[in-house]
1. Given (1) surrounded by 18 or more Cβ atoms within 10 Å (Cβ to Cβ); (2) under 24 Å from A:PHE17 (Cα atoms), identify the lone condition not met by B:ILE79.
2. Looking at the range B:23-35, which of its residues are in contact with a strand residue (DSSP E or B) (Cβ under 8 Å, 6 or more places away or on another chain) and under 17 Å from B:GLY70 (Cα atoms)?
3. Which of the residues spanning the range B:1-27 are in contact with a Leu (Cβ under 6 Å, 6 or more places away or on another chain) and more than 16 Å from the ligand (Cβ to nearest atom)?
4. Please note which helices (runs of 4 or more DSSP H) are completely contained in the range B:1-93 and include at least 3 residues that are closer than 21 Å to A:GLY97 by Cβ and more than 14 Å from chain A (Cβ to nearest Cβ).
5. Output the number of residues of the range B:37-48 satisfying the condition of being open to solvent by less than 20 Å² (accessible area, probe 1.4 Å) and under 17 Å from B:LYS117 (Cβ atoms).
6. Restricting to the range A:1-47, count the residues that are at pLDDT 95 or above, among the hydroxyl-bearing types (Ser, Thr, Tyr) and open to solvent by 10 Å² or more (accessible area, probe 1.4 Å).
7. Does the range A:85-110 hold any residues that are within 19 Å of A:THR19 (Cα to Cα) and either touching a helix residue (DSSP H, G or I) at 6+ places or on another chain (Cβ under 7 Å) or open to solvent by 40 Å² or more (accessible area, probe 1.4 Å) (or both), and which are they?
8. Inspect the range B:17-24 for any residue being open to solvent by less than 60 Å² (accessible area, probe 1.4 Å) and either modelled with pLDDT under 95 or touching an Asp or Glu at 6+ places or on another chain (Cβ under 6 Å) (or both) and give the result as yes or no.
Amino acid sequence: MNVAFINPFINATILLFKTMVHLDAFAGKPALKKQPFPAYDVSGIIGLSGDAQGSVAISFPRLVALKVVSAFLGSEIKIMGSEVVDGIGELANIIAGNAKQDLSQYNLSISLPQVVVGNDHVISGQTGIPAIIIPMTCSLGNFAIEISFKTK
Amino acid sequence: MRILLVDDSSTMRRIQKTQLNNLGVTDIFEAGNGEEGLEILANTTALDYILLDWNMPVMDGITFLKKVRGNGAYAGIKIIMCTSESEKTRVIEALKSGANDYIIKPFTPDAIKEKLKL
Ligand SMILES: [Mg+2]
């Protein structure tokens, strides 16, 4: 997978965190994903379709998801529930939509967010498409972006 | 000022509401999709602004926008898109369909303040 597909998602994540989570986020080294399972427990997934197809997911450990959505919302959420699920879905939506401006040659449409919770869920929409995992970190903890992207 | 927020994310609506409250706007209605938005429009007078998301279930923002702009009774309401849809082609499509302005997520309270002229 071309690095040109990865950078728009990393940049959109960093911009989102800076603008609306009020934190600096940093990207580690992208790696080819070896397992079908997401990096962490709570994942917001957006399907991508058009002249390329695939998906992007943002995946957090439970506690980090709770803290990040609290920072996004500007008010503390104490339990893992529907508020966190909604918040993670919207974070994924913003990353995918924002990244599209640097991928306009593919005429991408994004799906509504799907949020999965649990430590053994499989991120759908990636069958047969190589996936890249980008480790991310911020002062609230580690998380990951997972991208699978295939041009037609 | 009376404003309607149309966004499927309750988190996003809460963020918008907090920012608007901080700017002195408290007369706020909320809808989770275009269909709910139309229902509120039909039952509410004197709306000044609609902050409108694009990607929503049931009825998306662009469909809602076209329906609202097809009804002369709502001509005085200013519609500001507030969406992660970021390509120029999308912005142009929305403006051509009758949106008055466009905010790309992620956004700051300053963007809300500027676009809603608060
Ligand atoms: Mg939405």
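1. (2)
2. Listed by number, the list holds a single entry, B:GLY34.
3. Residues satisfying the conditions are B:ARG2, B:LEU23.
4. Numbers: elements: B:10-22, B:34-42, B:61-69.
Passing ranges, in order: B:61-69.
5. Residues in the range B:37-48 being open to solvent by less than 20 Å² (accessible area, probe 1.4 Å) and under 17 Å from B:LYS117 (Cβ atoms): 1 in total.
6. 1
7. Matches in the range A:85-110: A:ASP86, A:GLY87, A:ILE88, A:GLU90, A:LEU91, A:ILE94, A:ILE95, A:ASN98, A:ALA99, A:GLN101, A:ASP102.
8. no
The values are calculated or read from the model by the stated rules, or taken from the named source; none is laboratory data. Bear in mind the structure is a predicted one, so any value in this text is a computation, not a measurement. No Cβ is skipped: glycine too gets one built from the backbone with ideal geometry, and neighbour counts run over all protein chains shown. Calculation scope for accessible area: heavy atoms of the full protein, side chains included, ligands and nucleic acids excluded. Shrake-Rupley method; radii C 1.70, N 1.55, O 1.52, S 1.80 Å.
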